[in-house]
Structures are given as C-alpha cells and as structure tokens.
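In what follows, a structure is listed as structure tokens, so that the remarks can point back to it.
The values are calculated or read from the model by the stated rules, or taken from the named source; none is laboratory data. Predicted model only: the values in this text are computed from it and were never measured. Every residue, glycine as well, gets a Cβ built from its backbone with ideal geometry; the counts of neighbours run over all protein chains shown.
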Amino acid sequence: MSNIWHPTSACPQGRYDDIWFISPEIGWAVNSAGQIIHTTDGGKTPWSVQHTEPSDTYLRCISFSGPTDGWVGAITADRRLRKTQNGVEWTQIPEEILPKRPGLVCGICAVSKDVVYASGTQNPHEENTGVMRTTGGRSWSELPVGNLANLLIDIYFTDEMHGWVVGGRGGLSYDRLKPVILRTEDGGATWEDRLQNSGIEFPRGEWGWKIQFLNDRLGFVSLENFAGAAILKTIDGGRTWQRIEIKDLQGKRINNDLEGIGFLNEMTGWVGGHGFRLPGGLRTETSSGTTDGGLSWFEATNEVGKDINRFRFTGKEPIVAYASGNTVYQCVAAASAVEERALASSARSFAATIERERSRRSRTRSRSARMFPRVPSSSPFQFGISASF
C-alpha cells in the first residue's frame, strides 16, 4: 500500500504553521498571515476563511478538545490567544488575564473543554519562557519551569496531569542551546528533564521543536538545528531517548533545520522544515521520509511538500495524514496500482497549481518591494519569527 501526498486547496498565505482535524474531512489551519481557515471536505474544495487577525499577527498553533471547542496561539506579543466555543466564531483572550510567561505562544494543548496548556517562547534572548494553564478559561496561571529551559516550543498532554514540553536550554542565544524534553506528572507543578544524564552528546545550537507520541511507548521529537538535522526517538514511553541523524543509506546528511515530524506507524514517517540555505538566502524547504523507523532516510520534498512545520494524523482507520507548510497537504493510502496512479496524477496537478500561485504571489511581492521599500521595524512580530529562519 502506497502513501500519496498532495496539496489541498488551501490558498498560499505565508506559511501554514499548524492544523487540526476532528475527522478525516473536517479541520482547521492557521497561518502567518493571521488567518484561521476551515474545511469540511479534506480540502477538496476551497477552504473558508473563518477569522482574520491584523496582518502582523503570526498564528502559530491550534488545538481542539472536541468538535466545537478550540484554541489558537500566536507569536505576536499582544495577541497571544483566542478561542472558539462553536467551531466558527473566534474571540481573543484579553492580555490582562494572561500571565507574563510565556511571552509568545508556540504550542498549545487543549486536554479538555476546561483544561488547556500553552508553551513558549521561541526566542531565548527575551527571557520570558514558560508554560501557562487554564482550568475554565476565565483565568490563567503560570507554571514554573525555573532554569530548566531558555526556550520552549511544543507541548503535549495525555490527560490533565501528565504531559510533555520540548525546547532548549544553555543560554540566551540559539548557538548555546541543547535540547530539553520536560515531563510533568502533576499538572505542571513540577517538571523533570528526561534528557538530563541521557548520555547523548548533543551539539550546541540544537533544541526540541515538535513532539509526537503514537502510543504510550513510541514517541518522536524533531530537533531544530541551523547546521544539522536529527530527531529523538523513544520506545519506552519517554524514559530514554535515542538521537537519530537524517542520513541516507550512504551515510550522507540529506536535510537541515528541521521542524515538522510525523510518523504514520513505527516504521513510516516524515520530517520537514526550512532545509539548506541557498545563495541569496533562499531555502530548500526539504522534506525527508523513512520506511525503516529512521535508520535511513530519502528525499521526499516532491512526495510530501515544502517548509513543513506540523504533521497531524486522524485517529481512526483509514488514517489520513495532513501536513502544514507552504500550504496544507494531505496523504491518503492507495489500495491498488490503479488508485495509486490516479492519486499520483492528481497530486502532480495539485502541486503544479500551488507552485504557479506561489510564484505569482512572489513576483507580486517583489514588484511591491521595489516600488515601496519597507521601513525597518522592531515590532514584536519580527522578533517572533526569528527562530524560523
């Protein structure tokens, strides 16, 4: 059985950083243009724009606790959270009821309708890293992490008490960081770094970005590194971890600067992110795949998509996978050779359409930049996206 990826009809708008699906067809996505978009048919027809923030709002993460109750976090300092109670209308959470930390929201996990956790920031120099929690939405409290982290990104809880948050520690600049995987079993009152005394020789300039558990024993973490590409894997519920570099069968590193990670099962998975830096500052936005549990990897950019920040999987068979990056991508399993050829042809057509649209928008932005040079700014938004380059 083959897994066929193709772009959905989500209109290119900066970068899609996160997605959430409550069924194989019904889902939401958030992007760097401040949009929350929605589909009811898996992106076959154009997604609807449910909500638009001011254009300088970078929406980073999304989580639902049920069909109608959801939360969205932003890496824009004065607009960190918004929620919906009907799956349609979104309301901003007043900043005055939120604690100082995290200063930006990079990860969010809605455990239930009333209990939600959020984590950040992605900028170690701002010294406002932390985790916050609400038990009803009317008020939020900061959960102390002390000196365990200088940067926190993704957060994942299995219930109200037990959870994980990943990031980095080591200094106030990215080149000083090493990964941390923090574990709590008391609702965030205390945390333990499961990588402390792990025996892994991490390079400096590397930190945890996304976390995924397939079950109570098998889990993965992507490691962002501007000059490398590796993941962490556990097979004992996070008690111990193994660092795996993204290399092909010949031992050559084939990716760089990872962010998104997603495994369909123990053997088949993908990673993506910004990729290698090219002359002129462009990035390859490379994706890589594995079918042997991460022992070896292959080029998968044309198979999956570009600039991937998140993979999500629907929980029931047949499992449908989604990824967010340049657009929102979908993966379905082909049961026969005929179906595989049809899906592959459709995927190529989708990809060509998306690439033409991105090229058109890029040319338009380039002409606008020449006509109206941008005045430098020190807005929180600019600092908010610094870890993504």
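Note on region 272-288: residues that are in contact with a Gly (Cβ under 8 Å, 6 or more places away or on another chain) and surrounded by fewer than 19 Cβ atoms within 10 Å (Cβ to Cβ) total 2.
Results for (1) at pLDDT 95 or above; (2) crowded, with 17+ Cβ neighbours inside 10 Å; (3) among the aromatic types (Phe, Trp, Tyr); (4) over 22 Å from Ser141 (Cα atoms), shown as yes or no for each residue.
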position: Leu59; (1), (2), (3), (4): yes, yes, no, no
position: Pro67; (1), (2), (3), (4): yes, no, no, yes
position: Trp71; (1), (2), (3), (4): yes, yes, yes, no
position: Ile75; (1), (2), (3), (4): yes, yes, no, no
position: Glu95; (1), (2), (3), (4): yes, no, no, no
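Can you name the number of the only condition in (1) of a type outside the set (Lys, Arg); (2) farther than 22 Å from Asp159 by Cα; (3) part of a loop (DSSP other than H, G, I, E, B); (4) touching a strand residue (DSSP E or B) at 6+ places or on another chain (Cβ under 6 Å) that Gly188 fails? Tallying (1) of a type outside the set (Lys, Arg); (2) farther than 22 Å from Asp159 by Cα; (3) part of a loop (DSSP other than H, G, I, E, B); (4) touching a strand residue (DSSP E or B) at 6+ places or on another chain (Cβ under 6 Å), Gly188 fails exactly one: (2).
Identify all residues within region 22-35 that are under 14 Å from Thr68 (Cβ atoms) and either surrounded by fewer than 22 Cβ atoms within 10 Å (Cβ to Cβ) or of a type in the set (Ser, Thr, Tyr) (or both); write none if there are none.
Going through region 22-35, the residues under 14 Å from Thr68 (Cβ atoms) turn out to be 22-23, 26-28.
Matches in region 22-35: Ile22, Ser23, Ile26.
Can you pull out every residue in region 11-29 that is of a type in the set (D, E, K, R) and closer than 16 Å to Pro46 by Cα? If the condition is that a residue be of a type in the set (D, E, K, R) and closer than 16 Å to Pro46 by Cα, then Glu25 is the only one that fits. For region 156-171, taking the residues that are surrounded by 21 or more Cβ atoms within 10 Å (Cβ to Cβ) and among the aliphatic types (A, V, I, L, M), the one that is nearest to Lys113 (Cα to Cα) is identified as Val165.
Filtering region 115-130 to residues that are more than 15 Å from Ala77 (Cα to Cα) and surrounded by 24 or more Cβ atoms within 10 Å (Cβ to Cβ) leaves Val116, Tyr117.
Taking region 1-21 as the search range and keeping residues that are in a strand (DSSP E or B) and over 16 Å from the mean Cα position of the chain (by Cα), which one is surrounded by the fewest Cβ atoms within 10 Å (Cβ to Cβ)? Top of the filtered list is Ser2. Of the numbered criteria (1) surrounded by 22 or more Cβ atoms within 10 Å (Cβ to Cβ); (2) closer than 22 Å to Leu214 by Cα, the one Leu151 fails is (2).
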